[in-house]
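Colleague: Have a look at this one.
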Amino acid sequence: MSGILLVLQFVLAILVTIIVMLQKSSSIGLGAYSGSNESLFGAKGPAGFLAKLTFGLGFLFVLNTIALGYLYLQDSKSSILDNVSVSPKIDNQAPAAPNIPVLPQEK
C-alpha cells in the first residue's frame, strides 16, 4: 500500500509543479497560453480553473503526505528482530584453550 502511495506522491509533486508553472505571474510565467486559449475558459481566462486545480492537487498532496507518514510510522514500530527465534544453547563444557606453540628460549 505504501508503495502505491509513494508513486502517487511523485506524480502529484510533478503535477503540482507543472500547474504552478503554467499560471501567470507578474512576469507572465512560461507563457504557456496566449489570448486565443483564454476564450476556452471564459472571459477571465484559465486563472480561476488553474487556481482551483492547484488547490485540489495541493490538498491531495497534503493528504497523501499524511497517509504516507502514518503508514511509515506503523511500519517503524515493528523490527526485523521480532521475527527471529532464538533457542538458548546450553553448553556445560568450557571452551578449549587455544593451542599456542611455545618457542624455545635462547640462552
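Colleague: What number goes with the only condition from (1) more than 17 Å from V11 (Cβ to Cβ); (2) in a helix (DSSP H, G or I); (3) modelled with pLDDT of 75 or more that N37 does not pass?
Modeller: (3)
Colleague: On to the next question. Do any residues in the stretch 69-89 that are part of a helix (DSSP H, G or I) have Cβ atoms under 7 Å from those of residues that are surrounded by fewer than 10 Cβ atoms within 10 Å (Cβ to Cβ), where the two are at least six apart or on different chains, and which pairs are they?
Modeller: L71/M1
The values are calculated or read from the model by the stated rules, or taken from the named source; none is laboratory data. Quantities reported herein were computed from a predicted structural model and do not represent experimental measurements. Because the Cβ atoms are built from the backbone with ideal geometry, glycine has one as well, and the counts that use them run over all protein chains shown.
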